[in-house]
Amino acid sequence: MPADQPTILATSGGYRYGSRTRLEFNSLVHHAVELSGVEGRAPRITHLGTAGGDQVHFATWMSEAARVAGFDLTNLALFSMPNIDDIEGHLLQQDVVWVNGGSVANLLAVWRVHGLDDVFRRVWEAGVVLAGVSAGSICWYQGGTTDSFGPELRAVTNGLALLPYGNGVHYDSEERRRPLVHQLVADGTLSTTHCTDDGVGLVYHGTELVEAVSEADGKGAYVVTREGDRAVEERLEPRRL
């Protein structure tokens with residue numbers, strides 16, 4: 001069941017430790033399902049672990065988390081070849097696409113080799129909710145900050161640009177993220193940039209930011225804009241899920 005309009009949930013969260021499994025889905029993943037509007041059957045979710053090299057153990061953790069949540073989850077792997085023949089047809093049948101973290105630079109390169117940059121735009125326009133964490137957040141934007149190239153954070157500016165903004169993830173937990181976002185916005189490398197503390201997500205209808213939501217107390221979202229030659233930050237208070 002597609003959402004009634006193109007929808008993205010971009011996050012710095014979504015998981016928690018499970019009681020009998022390695023991880024469980026936290027409130028942000030469940031909110032992605034709610035945004036899809038699915039009811040009367042198990043939600044269909046496809047997980048992409050491209051940014052982590054399609055690690056089999058993580059795919060297993062995701063499958064276990066989906067079982068606990070009552071979701072029908074497919075792991076879409078691209079290494080060493082796609083494990084689904086008709087990727088676009090499959091994705092169009094999903095309620096939610098969830099993209100995990102890792103190397104956003106590698107993710108974008110691999111997706112483009114397989115034509116997924118164009119596929120995801122069509123899937124988004126069809127109303128499948130696009131969501132994810134960290135690299136799985138940045139990918140939907142023009143770009144953001146990343147450690148894809150080494151320990152020192154750098155800018156990535158070749159995101160899919162479904163959302164015409166920059167994106168800053170892990171804004172409260174990795175001390176170098178905030179100052180680099182400010183630097184990149186101030187010098188024009190990134191346009192207006194939307195940022196999330198760990199446990200926070202940003203909901204977009206089309207390209208409009210409509211709400212910040214959180215699965216943890218005391219967390220924030222932020223909009224960083226350029227004024228003259230400096231960056232200015234505005235805090236948004238998320239709605240607690």
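Could you provide, to the nearest whole Å², the per residue accessible area of the range 51-150 with probe 1.4 Å?
On the way: 3860 Å² over 100 residues.
On a per-residue basis, the range 51-150 sits at 39 Å².
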Query - Value in Å of the Kirkwood radius, where the range 74-120 supplies the Cα pairs that are averaged - result: 11.4
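Can you bin the range 133-241 into rounded, prolate or oblate? Criterion: square roots of the alpha carbon gyration tensor eigenvalues sorted a ≥ b ≥ c, rounded for a/c under 1.5, prolate for a/b above b/c, oblate for the rest.
On the way: a/c = 1.35, a/b = 1.29, b/c = 1.04.
Rounded shape, in that the Cα axes give a/c under 1.5.
Determine the dipole magnitude for the range 159-209: charges of +1 sit on the beta-carbon of Lys and Arg, -1 on that of Asp and Glu, nothing else is charged, the reference point is the Cα centre, and the result goes in debye to the nearest 20.
On the way: 3 positive and 7 negative charges, 27 e Å.
Roughly 140 debye, rounded to the nearest 20.
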**Report entry** Three-way shape label, the range 182-221, alpha-carbon gyration tensor, a/c 1.5
**Finding:** oblate
Report summary line: Kirkwood radius from Cα pairs of the chain plugged into Stokes-Einstein at 4 °C, 1.567 mPa s, gives D in µm²/s equal to 73
Query raised in the report: Share of the range 1-61's accessible area from carbon and sulfur, percent, 1.4 Å?
Result: 50
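Once R0 is set to 22 Å, what does the formula 1/(1 + (r/R0)^6) return for the Cβ-Cβ distance between Leu241 and Ala161, expressed as a FRET efficiency to the nearest 0.05? Write out the running numbers ahead of the final one.
On the way: r = 27 Å, r/R0 = 1.25.
That pair, Leu241 with Ala161, gives E of 0.20.
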**Report entry** Shape call, the range 1-97: gyration tensor on alpha carbons, a/c limit 1.5
**Finding:** oblate
Report summary line: With -39,500 (n - 2.57) per DSSP H segment of 4 or more residues and division by the full residue count of the chain, the 222 nm estimate, nearest 500 deg cm²/dmol, is -7500 deg cm²/dmol
Query raised in the report: Highest GNM mean-square fluctuation, the chain, Cα pairs closer than 10 Å: which of Ser19, Ser137, Ser173?
Result: Ser19
**Report entry** Largest to smallest principal axis extent of the C-alpha atoms in the range 123-184, angstrom
**Finding:** 37, 20, 20
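Only Lys, Arg, Asp and Glu count, each charged at its Cβ (+1, +1, -1, -1), so figure out the dipole size of the chain about its Cα centre, rounded to 20 debye.
Values: 19 positive and 31 negative charges, 64 e Å.
Using only the charged Cβ atoms, the result is roughly 300 debye.
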Query raised in the report: Taking the alpha-carbon centroid of each part, what is the distance from the range 151-182 to the range 190-241 in angstrom?
Result: 12
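Subtracting the Cα-Cα distance from 0.36 nm times the residue separation, let me have the gained length for Glu88 to Glu152 in nm, one decimal.
Extending this stretch completely gives an extra 19.5 nm.
The values are calculated or read from the model by the stated rules, or taken from the named source; none is laboratory data. Remember, predicted model here, so these are calculated numbers, not experimental data. Backbone-built Cβ (ideal geometry, glycine too); neighbour counts: all protein chains shown. SASA here: full protein model, heavy atoms, side chains in, ligands and nucleic acids out. Shrake-Rupley method; radii C 1.70, N 1.55, O 1.52, S 1.80 Å.
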